[in-house]
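S.K.: Sharing a structure below in structure tokens format, with a few things to ask.
The values are calculated or read from the model by the stated rules, or taken from the named source; none is laboratory data. Only a predicted model underlies this, so the values are computations on that prediction, with no experimental measurement involved. Cβ sites come from the backbone with ideal geometry, for glycine too, and all protein chains shown count toward neighbours.
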Amino acid sequence: GNSVTQMEGPVTLSEEAFLTINCTYTATGYPSLFWYVQYPGEGLQLLLKATKADDKGSNKGFEATYRKETTSFHLEKGSVQVSDSAVYFCALSINNNDMRFGAGTRLTVKP
Amino acid sequence: DAGVTQSPTHLIKTRGQQVTLRCSPKSGHDTVSWYQQALGQGPQFIFQYYEEEERQRGNFPDRFSGHQFPNYSSELNVNALLLGDSALYLCASSYRQGSSGNTIYFGEGSWLTVV
């Protein structure tokens, strides 16, 4: 079935450090891939998405590239800030039907 | 432009009771999906409604049921509540079920505690 596996956390970084959160997927068909962010006590916010192979999604300094050959969609940011502390979820969907989420990776950025 | 709105934001129920959660989709959206997010886990798909019918369903028992109204708003009903039903229930909306690439938006969620 369709599923997402993402790097287990928690991840703790110092401000301005480089961030990578790994995400790989298994899917039949051609999924769209997403990264969502969840701040404490809040719902999910779409961070970025990519709908086909080799697409790069980007937003707020975060980037992820849809790699079909490695079935991956790793999230990266060159310089994290304290305000980036949150839980990050990788997800996939096919034709906007049920979205499959990873377990989430908690990121804490220390000043 | 209001996003996805859910009510109530928090509620406490007793085992065996029934609960109804409500969702209004983002303006212009016609498809509503519901997810259950247990503490420390990723959201799990419950079901999706489009054109007032349940179109897809995840691995949840029949105690979980829903409804979509002509104005596209939706309700999630859970009967015979169990302690394990305690979770954040998220509503998501999108435009045109089955269309790839359309962004799915999530509400803030309804926190359900079963005691």
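S.K.: So residue B:56 fits all but one of (1) more than 10 Å from chain A (Cβ to nearest Cβ); (2) free of Cβ contacts under 8 Å to residues at least 60 places away in the same chain; what number is the exception?
M.R.: (1)
S.K.: Quick check: anything in segment B:17-37 of a type in the set (Lys, Arg), out of contact with any Ser or Thr (no Cβ under 7 Å at 6 or more places or on another chain) and modelled with pLDDT of 95 or more?
M.R.: No.
S.K.: Exactly one of these conditions fails for residue B:67: (1) without any contact (Cβ under 8 Å) to a residue 24 or more places away in the chain; (2) closer than 20 Å to residue A:2 by Cβ; (3) assigned to a strand (DSSP E or B). Give me its number.
M.R.: Result: residue B:67 fails condition (2) only.
S.K.: Just to verify a result, which residue in segment B:71-111, among those that are of a type in the set (Ser, Thr, Tyr) and buried (at least 21 other Cβ atoms within 10 Å of the Cβ), is modelled with the lowest pLDDT?
M.R.: Checking each candidate, the answer is B:94.
S.K.: Sticking with this structure for a sec: Being part of a strand (DSSP E or B) and surrounded by fewer than 17 Cβ atoms within 10 Å (Cβ to Cβ) is the filter here, so list the residues in segment B:41-64 that pass it.
M.R.: Passing the criteria: B:53, B:54, B:55, B:56, B:57.
S.K.: Looking at segment B:18-31, is at least one residue assigned to a strand (DSSP E or B) and at the interface with another protein chain (Cβ under 10 Å from one of its Cβ atoms)?
M.R.: yes
S.K.: Among the residues of segment A:46-102, write down those that are among the basic types (Lys, Arg) and in contact with a Phe, Trp or Tyr (Cβ under 6 Å, 6 or more places away or on another chain).
M.R.: A:49, A:77, listed by residue number.
S.K.: Out of segment A:1-12, which residues are under 19 Å from residue A:76 (Cβ atoms) and either touching a Leu at 6+ places or on another chain (Cβ under 6 Å) or polar (S, T, N, Q) (or both)?
M.R.: Result: A:4, A:5, A:6, A:11, A:12.
S.K.: Oh, and also: Return the only residue of A:56, A:110 being in contact with a strand residue (DSSP E or B) (Cβ under 8 Å, 6 or more places away or on another chain) and closer than 22 Å to residue A:10 by Cβ.
M.R.: Just a single option satisfies the conditions, and that option is A:110.
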